[in-house]
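Here's the structure we're looking at; comments come further down.
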Amino acid sequence: MRLSLLFLFTLFLTQAPAVFAQTGADPAAESLAQLQASIKAYEAAFTAAAQKRVKQYFSPRTATAVRQLQQRIAPLSSNKELTKQAVKESIEPVLLQLQRAYAPLPLLASDLYLSDANVKTLRATMLARADAWNKAAHPNANAQQLARYRLGFLEQLAEKELNCLSPIMTMFPKGTCEIMHYNRRLYDGSHGKLPNKLEYDTMAKVNRLRLCAGKNVLKIDPRMVACCRDHSKDMGRLNFFDHTSPIAGKEQFWTRAESFGTKANGENLYEGTGSLGTAQKAVQAWIDSPLHHVNLFDSQWNTTGVGTCLQPTTDPTKNDKQIYTQLFGKGS
């Protein structure tokens, strides 16, 4: 069921204020009216901008061309006998075309409001008016309470932005926007700790690539992230680079995953120093390597986790080494 932002905010008004009962305060009518007008204007602009983006960049002709390109590379990317030559000559050029086709399309609400000046301005105005209403409606609230009310509004706003966006992005597999939204909320909610920015960026790049290839996007499993980070640290600390660990009880990736309370069915590794240690270099290396490529685009996967470790060097002539481990799973 789709709910409007205005209806959502009505729920916010009725659910949020345990403080109303405590203070007896009533919402300031003028602030509330301004806020309701801002919500209505923002919802209309957000929806219109998303529809315009699709109409402008993803015509029926483009959609047909994209499907044909995806069908061309699908049997190659799933071929266990895939060669480096096939990746370079037959898959990568097509992936680049698909990336250009999908690049303008918003997967997250922030993709839209950060790139559209009008939507961005209306959103900022709405948030400012939400803050003003909160102060007027809760005159005795301290800074911490006001911050909590703002967070509640932002959380519900994010859900409704998703509800506006998802039905418009019909070119993506069902559930795509919801999973990308979940992954972003997971990253934001952990304050960039589990996953951290590098880990999140790596998984986001993988998901966008999978989407270009016509595959489902993967949901981040924080337990996989922790497991991958642990293996990356072990490889850095003990100076080995292998799917098989010399540590008792951690020999295989599936046993490592089980020890973190999850299940894994595939694993990719990468390490690079200096400029070769970026997320882009890691993902590109996985694309270029046939076995890693097949893992990356496997349709069986539903979950993933990336864990990284920066291993400092004691040699002043060398750069620190960035180590990546990625797990894939069939879970939900």
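The values are calculated or read from the model by the stated rules, or taken from the named source; none is laboratory data. Owing to the predicted nature of the structure, the values given are computational and were not obtained by experimental measurement. Neighbour counts run over all protein chains shown; Cβ positions are idealised from the backbone, glycine included. All accessible areas refer to the heavy atoms of the entire protein, side chains included, with ligands and DNA or RNA removed. Shrake-Rupley method; radii C 1.70, N 1.55, O 1.52, S 1.80 Å.
Within segment 290-300, which residues are open to solvent by 10 Å² or more (accessible area, probe 1.4 Å) and in a loop (DSSP other than H, G, I, E, B)?
The answer is ASP298, SER299, GLN300.
Here are some residues: ASN216, ASN163, ASN183, ASN140. Which one is open to solvent by less than 50 Å² (accessible area, probe 1.4 Å) and not in a helix (DSSP H, G or I)?
On the way: ASN163 fails: not in a helix (DSSP H, G or I); ASN183 fails: not in a helix (DSSP H, G or I); ASN140 fails: open to solvent by less than 50 Å² (accessible area, probe 1.4 Å).
Residue meeting the stated conditions: ASN216.
Can you find, within segment 150-160, the residue that is farthest from ARG185 (Cα to Cα) among those that are of a type in the set (D, E, K, R) and open to solvent by 40 Å² or more (accessible area, probe 1.4 Å)?
So in segment 150-160, the residues of a type in the set (D, E, K, R) come out as 150, 155, 159-160.
The next check asks that each one be open to solvent by 40 Å² or more (accessible area, probe 1.4 Å); those that pass are 150, 155, 159.
Values: ARG150: 16, GLU155: 9, GLU159: 10 Å.
Per the criteria, the residue is ARG150.
Given the residues LYS318, LYS263, which is the only one that is outside any strand (DSSP E or B), touching a residue at least 12 places away in the same chain (Cβ under 8 Å), under 21 Å from ARG237 (Cα atoms) and charged (D, E, K, R)? Steps first, answer last, please.
Working: LYS263 fails: under 21 Å from ARG237 (Cα atoms).
Step by step, each of LYS318, LYS263 is checked, and only LYS318 is outside any strand (DSSP E or B), touching a residue at least 12 places away in the same chain (Cβ under 8 Å), under 21 Å from ARG237 (Cα atoms) and charged (D, E, K, R).
Within segment 88-109, how many residues turn out to be exposed (fewer than 15 other Cβ atoms within 10 Å of the Cβ) and within 25 Å of LYS40 (Cβ to Cβ)?
0
(1) open to solvent by 80 Å² or more (accessible area, probe 1.4 Å); (2) assigned to a helix (DSSP H, G or I); (3) free of Cβ contacts under 8 Å to residues at least 12 places away in the same chain; (4) among the charged types (D, E, K, R): which one isn't true of LYS174, the others all being true?
(2)
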